[in-house]
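Q: This structure is in structure tokens; I'll ask about it shortly.
Derivation of every value follows stated rules applied to the coordinates shown; laboratory data play no part. Since the structure is predicted, the reported quantities are computational estimates derived from the model, not experimental observations. All Cβ positions, even for glycine, are placed from backbone atoms using ideal geometry, and neighbour counts span all protein chains on display.
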Amino acid sequence: MTEFNTNLSFPLDDDGFFRRECPLCSKEFKVLLKKEELTDLTQKGIDSFLLEQREETTHSEEGSDSEIKFFCPYCGQLASMDSWSSHEQIAYIGIAVKNITARIVNEGFIHPLKRSFGKPTSGMFSMKFEGKDIKQEEPWISPEVNDLEIFDLPCCHRKIKIVDSWVGKVYCFFCGFPHRY
């Protein structure tokens, strides 16, 4: 089996924060993640698009509490690690996954058929393959803007960014502890 690797990088704001979106209330916020957390998040995002991987994960983790979950700073909603991507991030990952699929089909199916049946042969029976490569699209995501305010989370010694106009409790993204704003 051939393994295909792709590098995806997500834009961070000037302070190194990464944009997230609540799957329930759809409000956006940002989290300051460690490098390994960001790498793991990217891989989980790609994996969530791969059906085979999703089925394996579903069967192997049924009844398991080992899945990492986070809380929305605004509504307190609890959701799994791969649920917090913005619409733009989902589209960006989707293009990358489509490109991987195109490479697999091109290199594993179309190119071998072109080599085997690309030129007509003489004789009673002749076969020619004229398939075209599946085109790949350049994944693109908007640069990150500095549009939110830093909020310290003393419970976990971490930081997030939320909208400046927010009124109400702010839940810790990591543990769910409610803070006054």
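Q: About the Cα centre of region 123-181, how large is the charge dipole given +1 on each Lys and Arg Cβ and -1 on each Asp and Glu Cβ? Please answer in debye to the nearest 20.
A: 300
Q: With no solvent and one point on each alpha carbon, what is the Debye value of log10 I(q)/I(0) for region 91-144 at q = 0.13, 0.20, 0.31 Å⁻¹?
A: After summing over all Cα pairs, the log10 values are -0.46, -0.74, -1.12.
Q: Subtracting the Cα-Cα distance from 0.36 nm times the residue separation, let me have the gained length for residue 164 to residue 15 in nm, one decimal.
A: Here the answer is 52.0 nm.
Q: Here is a further query. Between residue 6 and residue 35, what length comes free when the chain is fully extended (0.36 nm per residue of separation minus the Cα-Cα distance, one decimal in nm)?
A: Here the answer is 8.7 nm.
Q: Still on this model: Please give the net charge around residue 175, taking every other residue with its beta carbon less than 13 angstrom from that of residue 175, where Lys and Arg add +1 and Asp and Glu add -1.
A: Result for the neighbourhood of residue 175: +2.
Q: Any idea which of 81, 105, 125 is furthest toward the positive side of the dipole for region 65-132, if Lys and Arg beta-carbons carry +1 and Asp and Glu beta-carbons -1?
A: Farthest towards the positive end: 125.
Q: Still on this structure: Would you mind checking 27/98; 35/98; 98/119; 35/159; 98/132 for any pair whose Cα atoms are more than 21 angstrom apart?
A: Violating the 21 Å limit, Cα to Cα: 27/98; 35/98; 98/119.
Q: Sorted by mean Cβ packing within 10 Å, highest first, what order do the peptides 128-138, 160-170 take?
A: My ranking of the peptides, most packed first, is 160-170, 128-138.
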